[in-house]
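Written out below as structure tokens is the structure these notes cover.
Taken together, the values in this text are just the output of simple stated rules run on the coordinates, not laboratory data. Everything numeric in this text was worked out from a predicted model, so none of it was measured. Counting neighbours? That spans all protein chains shown, and the Cβs are built from the backbone with ideal geometry, glycine included.
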Amino acid sequence: MPHHSPRHAGPLPQERKEEEPRLGLGGDLEGVSPRDAEQAREVVLGRLGGEASTPADPEAAERVAREVRSRLAEDAWLDASAIEVSVGGGEVRLEGRVADRIQRRRAEELAGSVPGVAQVRNALRLPDDEAPRGPAAGC
């Protein structure tokens, strides 16, 4: 059987490579639609604690608070029964009492994982927080 080599009329067409988005000198994303650029801006500012992550209205703040409470309540490693949650300006404030430092840290991590949360102010107390300290405590 005769061997036939492929016939080409010229060089193989090059694959068209789409241009990667890049940051322009003015801080704008080039090669990205305005809508995608705005969404990217919101994600970045949300992670950095900027204005885009701030719930602009009380309903948005309440949705964030409900989601934080839900995540705290559903977590198997955390007793959230004595935790109070408040939200304002993208900041979540945790108050109340937890059993140990692990639960305190876990509550903070869960609250910070909710979309729209720019910062978590953890004011949770531990059982030993009320024990007297220093020379008056006999230490």
For the range 55-130, what does the relative contact order come out to in percent, with C-alpha contacts under 8 Å and a separation of six or more?
31
The Rg/Rh figure for the range 55-130, Cα atoms and Kirkwood Rh, to two decimals is 0.96
Here FRET efficiency (C-beta to C-beta, residue 95 to residue 60, R₀ 30 Å, nearest 0.05) is 0.90
Unit charges on C-beta of K, R, D, E only; dipole of the range 55-130, Debye:
120
